[in-house]
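Take a look at the structure below.
Derivation of every value follows stated rules applied to the coordinates shown; laboratory data play no part. Predicted, not measured: the structure shown is a model, and the values here were computed from it. Because the Cβ atoms are built from the backbone with ideal geometry, glycine has one as well, and the counts that use them run over all protein chains shown.
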Amino acid sequence: MPTSVITGGAGFLGSHLCDRLLADGHRVICVDNLDTGTLENIEHIRSHDFVFLQHDVTEHITIEETVDEVFHLASPASPIDYLRLPLQTLKVGSQGTHNALGLAKRHRARFLLASTSEVYGDPKEHPQREDYWGHVNPIGPRGVYDEAKRYAEALTMAYHRQQGVDTHIVRIFNTYGPRMRPRDGRAIPTFIRQASEGAPLTVFGDGSQTRSFCFVTDLIEGLIRLIRSDEHEPVNIGNPEEYTILQLAEAVLEAMGSQSEVVYEALPQDDPAIRQPDITRARAILGWEPTIGLADGLARTLRAAGTGAGARA
Ligand code: NAD
Ligand code: UDP
């Protein structure tokens, strides 16, 4: 039975990855300090092949059994989390990534870094291809996250080139689904919470900025295909269907049968104006593409939370 280590395994994406790997017959070791994750995300897991280690990955990671794969997801991910935890975000991207790569090296395990579309910053090329180097403000508020991930990518390539570690880098575009925290500040859980409370939906700026939203199960499939591939350069994983944030708010209202109004609030500094993955590389190398569109994904998210128009019908 292969053994997979998942750092950040008690978070939103990490907990779905735990579920999927256990279902595939893996032993799973989840390493998390619960900074932004929660035990509620993994409390449903009953398997004897699941181990939870409460541990901060900026400290040395010791695992005294065979490890075949290391998925390194530990990092604050929502803007309100990394703005609240700026130094921890830089440290987990740097020292935490060193430690996770060191673990993979000692165990001769495959390694996957969860990087992000934020490495492209406020992009000047559209859609974003992996060979675009990005447009990031290193000293703005988002710099702590963007630069931590850019450093983590550089470090991962150095471990690959100099140390021969079997590394992989996924650039994850906005992903959503069940288990996002209602108050994590990201657009989809915020709009769902606001609509379910009958409160106005807070659209930042004029709502014309765009994002491309991937449902979590599609994303997880992409991570698994990538870590088992021969590709060492970054690969975008995301859903290329692009929406303005105003269109997203309207899609949430529709999915929930809500009459809430939309109110406009100030646009945060350095908020990217556009974002859409070019997934040509993922299609060619992994045979991967998303299967779940926004309306379907929102309905699945609402069903899991027991809320929305479908739940009330
Ligand atoms: P999340 O906040 O739900 O999960 C992150 C997990 O990492 C949490 O469980 C947290 O407690 C843990 N963690 C943070 N610092 C740690 C440390 N020092 N030691 C151990 N554990 C630590 O966020 P998520 O959305 O599940 O994101 C997971 C990963 O995917 C992150 O690396 C994030 O940058 C990346 N990502 C996510 C998205 C997305 O849309 N969800 C987009 C791009 C990249
Ligand atoms: N956003 C918004 N209202 C909110 C939360 C977010 O209009 O209550 C906007 C935010 O300004 C950004 C987009 O939605 O333009 C996506 O934000 P999110 O925090 O989900 O992800 P990211 O900015 O990291 O892509």
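Net charge near D35: determine it from the other residues with C-beta under 14 Å of the C-beta of D35, scoring Lys and Arg +1 and Asp and Glu -1.
On the way: positive: R84, K91, R181; negative: D32, D56, E59, D81, D184.
In short, -2.
Divide the volume of the convex hull of the Cα atoms of the range 162-201 by its number of residues and quote the answer in cubic angstrom per residue. All intermediate terms of the calculation are to be shown ahead of the outcome.
Details: hull volume 4.1 nm³, N = 40.
Taking only Cα atoms, the range 162-201 has a hull volume of 103 Å³ per residue.
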- request: Normalise the Cα radius of gyration of the range 110-177 by 2.2 N^0.38 Å (N = residues in it) and let me know the number.
  value: 1.16
- request: Return the loop-located trypsin sites (Lys or Arg not before Pro) in the range 38-124 (DSSP other than H, G, I, E, B) with at most 14 other Cβ atoms within 10 Å of their own Cβ; answer none if there are none.
  value: R46, R108, K124
Tail fraction, Cα-Cα pairs, the range 1-129, threshold 23 Å, whole percent: 32 percent
- prompt: If you put +1 on each Lys and Arg Cβ and -1 on each Asp and Glu Cβ, how big is the dipole of the range 185-285 around its Cα centre, in Debye rounded to 20?
  reply: 280 debye
message: Quick check: the angle from helix 97-107's long axis to the longest principal axis of the chain, C-alpha only, nearest 10 degrees?
response: 40 degrees
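If you take every residue apart from P277 with its C-beta less than 14 Å away from the C-beta of P277, what net charge results, scoring Lys and Arg +1 and Asp and Glu -1? Walk me through the numbers before you get to the answer.
Values: positive: R129, R171, R211, R275, R281, R283; negative: E118, E125, E130, D131, D218, E241, E242, D278, E289.
For residues surrounding P277, the net value is -3.
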query: How large is the dipole of the chain about the Cα centre if only Lys and Arg carry +1 and Asp and Glu carry -1, each at its Cβ, rounded to the nearest 20 debye?
result: 360 debye
- prompt: Going toward the positive end of the dipole of the chain, with +1 on Lys and Arg Cβ and -1 on Asp and Glu Cβ, which of P138, G205, N41 do you reach last?
  reply: N41
query: Rounded if a/c is under 1.5, else prolate if a/b is larger than b/c, else oblate: which is the range 55-128, with a ≥ b ≥ c the root eigenvalues of its Cα gyration tensor?
result: oblate
task: Extending each Cα 7 Å along its Cβ direction at M1 and E65, get the distance between those two points in nm, one decimal.
output: 0.7 nm
- request: May I ask for the angle, rounded to the nearest 10°, between helix 245-256 and the longest principal axis of the chain, with both axes built from Cα atoms and the value confined to 0 to 90°?
  value: 80 degrees
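So, R0 is 41 Å and r is the distance between the beta-carbons of Q163 and R183; what FRET efficiency does that work out to, to 0.05?
Details: r = 40 Å, r/R0 = 0.98.
Here the calculated transfer efficiency is 0.55.
Over the residues of the chain, compute the C-alpha Rg and express it relative to 2.2 N^0.38 Å.
Values: Rg = 18.7 Å, N = 313, 2.2 N^0.38 = 19.5 Å.
For the chain, the normalised Cα radius of gyration is 0.96.
Report, in deg cm²/dmol and to the nearest 500, the calculated mean residue ellipticity at 222 nm for the chain, where each DSSP H run with n ≥ 4 adds -39500 (n - 2.57) and the sum is divided by the residue count.
Working: 11 runs with 114 residues, N = 313.
So the calculated ellipticity at 222 nm is -11000 deg cm²/dmol.
What is the Cα convex hull volume of the range 141-248 when expressed per residue in Å³? Can you show the working numbers first?
Details: hull volume 13.4 nm³, N = 108.
Hull volume over Cα atoms, normalised by residue count, gives 124 Å³.
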statement: Phi angles of the range 112-121, converted by Karplus (6.51 cos²θ - 1.76 cosθ + 1.60, θ = phi - 60°) into ³J(HN,Hα) in whole Hz with x for Gly and Pro, give 10, 8, 7, 8, 8, 4, 4, 5, 7, x
